[in-house]
Amino acid sequence: MSSEPVLSIGAEQVPYFRTPEFSALMLENERLVKKFAKADDDARVAFITGSGTASMEAVVMNVFSPQDKVIVVNGGSFGHRFVQLCQIHEIPYTEVVPPMGQGITRQMLEPLAGKGYTGFLVNLDETSTGVLYDIKMISEFCRENDIFLVVDSISSFLCDPFNMQELDVQVMITGSQKALACPPGISLIVLSPKAVKRVNAREVRSMYFNLKDILLNGERGQTPFTPAVGILRQINRRLREIDEAGGVDGEVARIGGMANDFRKKIKDLPFELISSAMPNAVTSLHPTTASAYDIFTILKDEYGIWICPNGGDMKDKVFRVGHIGALTTEDNTTLVNAFRDLQLRGII
Ligand SMILES: *Cc1c(COP(=O)(O)O)cnc(C)c1O
């Protein structure tokens with residue numbers, strides 16, 4: 001859910017954007033995103049008009065080539081997306097597949113040490129199953145093996161502690177519609193100085209996903225083509241809101257508090273936790289007495305509450321409850337009361 005100030009910007013006219021005012025707003029967006037990602041002063045941010053997948057694809061295209069050899073953690077539908085992108089762009093890759101609902105271990109990576117891998121792609125929070133990977137362990141492995149680390153933080157940015165510099169992360173991706181709690185339509189890529197060099201040294205066969213061009217325009221707070229101006233203005237409001245409320249650490253603590261509150265309140269409901277390494281952003285649950293998708297539909301149609309269903313073969317087995325954005329512990333109580341009502345009605 002978006003905050004009231006962010007919503008009210010959505011109701012305004014969208015201004016023309018080749019102006020000093022919009023450039024200043026974009027430069028401020030870049031500064032605050034770098035601050036919250038704990039990125040190097042010389043890091044850069046690319047704002048892509050497109051959903052998170054657009055930035056995932058732009059990164060794969062601009063930082064890797066068929067001469068690379070990358071490791072992809074495939075623990076669910078978002079990991080699978082990186083696999084598909086490597087296939088489409090002909091990047092040689094090896095998958096690491098953890099058991100469903102579990103993280104990856106050093107033992108799983110060990111056979112890949114010293115084998116000439118040049119890149120590592122991981123979704124820090126694999127949102128489809130709600131698993132937060134051990135980024136410290138991954139970071140150490142990459143440092144020891146001189147591997148270029150790319151992290152999809154789309155659902156973990158602002159939710160779980162993250163320090164791009166300390167973790168030696170070269171590229172971090174996030175999007176407008178997760179913890180930034182804005183409408184979908186913008187995704188962003190934070191590039192370390194090393195990543196900027198790499199992008200600038202490469203030729204990419206794409207007009208829209210040319211990060212070199214995007215970074216060059218970004219130096220003056222502009223984009224090569226018309227961006228989703230309205231959403232970028234909402235992102236600006238939201239970043240300032242977080243900054244004024246104590247910055248990224250405060251937001252991470254707030255979302256962590258929301259997650260703990262919810263998890264405490266559902267202890268006696270007929271749900272099993274499916275993740276052994278839960279992120280703050282989301283709780284994935286397996287209802288033991290009813291279809292997950294039916295619960296989603298009934299809550300939406302009869303209670304006006306939206307939880308998140310899963311797709312594919314998890315459709316009836318798993319639903320997810322988000323803890324991000326403008327939610328309060330009273331919202332958790334409202335949802336838990338609805339679950340109890342479903343119990344009284346014999347639905348769960
Ligand atoms: C939401 C999400 C994405 C982006 O999906 P889009 O639908 O393209 O915005 C990518 N990775 C993860 C881990 C996500 O949670």
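The values are calculated or read from the model by the stated rules, or taken from the named source; none is laboratory data. Remember, it's a predicted structure, so these values are computed and weren't measured experimentally. Neighbour counts are summed over all protein chains in view; Cβ atoms, including those assigned to glycine, are modelled from backbone coordinates with ideal geometry.
For the range 113-132, check the following and say yes or no: at least one residue is of a type in the set (D, E, K, R) and crowded, with 17+ Cβ neighbours inside 10 Å. Taking every residue of the range 113-132 in turn, at least one turns out to be of a type in the set (D, E, K, R) and crowded, with 17+ Cβ neighbours inside 10 Å.
Has the range 175-182 got any residue that is of a type outside the set (D, E, K, R) and either modelled with pLDDT under 95 or in a helix (DSSP H, G or I) (or both)?
Taking the range 175-182 first, the residues of a type outside the set (D, E, K, R) are 175-177, 179-182.
Still in the list and also either modelled with pLDDT under 95 or in a helix (DSSP H, G or I) (or both): none.
Checked against the condition, which is being of a type outside the set (D, E, K, R) and either modelled with pLDDT under 95 or in a helix (DSSP H, G or I) (or both), the range 175-182 yields no hits at all.
Could you count how many residues in the range 39-96 are polar (S, T, N, Q), away from the ligand (no atom under 16 Å from the Cβ) and surrounded by 19 or more Cβ atoms within 10 Å (Cβ to Cβ)?
Here is the first cut: in the range 39-96, the residues polar (S, T, N, Q) are 49, 51, 53, 55, 62, 65, 67, 74, 77, 84, 87, 94.
Within this subset, residues satisfying the condition of being away from the ligand (no atom under 16 Å from the Cβ) are 62, 65, 67, 87, 94.
Cutting the leftovers down to surrounded by 19 or more Cβ atoms within 10 Å (Cβ to Cβ) gives us 62.
Of the residues in the range 39-96, 1 are polar (S, T, N, Q), away from the ligand (no atom under 16 Å from the Cβ) and surrounded by 19 or more Cβ atoms within 10 Å (Cβ to Cβ).
Residue pairs whose Cβ atoms lie under 8 Å apart, sitting 6 or more positions apart in sequence or on different chains, and linking a residue in the range 176-196 that is within 12 Å of the ligand (Cβ to nearest atom) to a partner that is assigned to a strand (DSSP E or B) and among the hydroxyl-bearing types (S, T, Y), are S176/S187; L180/T174; G185/T49; I186/T49; S187/T174; L188/T174. Of the residues examined, T297 is one that is out of contact with any strand residue (DSSP E or B) (no Cβ under 7 Å at 6 or more places or on another chain) and not hydrophobic (A, V, I, L, M, F, W, C).
Residues N217, N210: which one is among the polar types (S, T, N, Q) and without any contact (Cβ under 8 Å) to a residue 40 or more places away in the chain? The conditions single out N217. Touching a residue at least 12 places away in the same chain (Cβ under 8 Å), more than 16 Å from the ligand (Cβ to nearest atom) and touching a helix residue (DSSP H, G or I) at 6+ places or on another chain (Cβ under 8 Å): which single residue out of L149, L109, L158 fits that description? Only one candidate passes the filter, namely L109. Look at (1) out of contact with any Asp or Glu (no Cβ under 8 Å at 6 or more places or on another chain); (2) within 11 Å of the ligand (Cβ to nearest atom); (3) modelled with pLDDT of 95 or more and you find that S128 fails only one, number (3). Condition check for D268 on (1) farther than 15 Å from R320 by Cα; (2) crowded, with 18+ Cβ neighbours inside 10 Å; (3) in the same structural domain as E330 (by TED's automatic domain parsing): one failure, at (2). Checked against (1) in contact with a Cys (Cβ under 7 Å, 6 or more places away or on another chain); (2) farther than 30 Å from G103 by Cα, P15 passes all but condition (1).
Within the option set Y303, Y293, being surrounded by fewer than 19 Cβ atoms within 10 Å (Cβ to Cβ) and in contact with an Asp or Glu (Cβ under 7 Å, 6 or more places away or on another chain) holds for one residue only, Y293.
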